[in-house]
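Written below as structure tokens is the structure these notes are about.
The values are calculated or read from the model by the stated rules, or taken from the named source; none is laboratory data. The model shown is predicted, which means the values in this text are computed figures rather than measured ones. A quick note on method: Cβ atoms are made from the backbone with ideal geometry, for glycine too, and the neighbour counts reach across all protein chains shown. Keep in mind that these areas ignore ligands, DNA and RNA; they rest on the heavy atoms of the full protein, side chains included. Shrake-Rupley method; radii C 1.70, N 1.55, O 1.52, S 1.80 Å.
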Amino acid sequence: MLQAASLFNQLLHHFPRNEFTALVKKHGAERSAKGFICWTQFVSMLFCQLGRAEQSAVSAN
């Protein structure tokens, strides 16, 4: 069976997680994190931004 990656998954591949994690460690971005880790927050914010963009495009038509 052929499986295709979602558009969101394809977009995430443009942000290598190992590089992202290295930058988080380099800058100490999670030193005071109490909830989401940086990667989870990034993915959540990206998803919300894309959802809003799609919603705006639909309502504009």
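Some notes on this structure:
- Pairs meeting the criteria (first residue in region 19-44 and closer than 23 Å to Leu7 by Cβ, second residue open to solvent by 90 Å² or more (accessible area, probe 1.4 Å) and assigned to a loop (DSSP other than H, G, I, E, B), beta carbons under 8 Å, at least 6 apart or on different chains) are Ser44/Phe36.
- Residues of region 17-52 satisfying the condition of being in contact with a helix residue (DSSP H, G or I) (Cβ under 9 Å, 6 or more places away or on another chain) and in a loop (DSSP other than H, G, I, E, B): Ala29, Glu30, Ala33, Gly35, Phe36, Ile37
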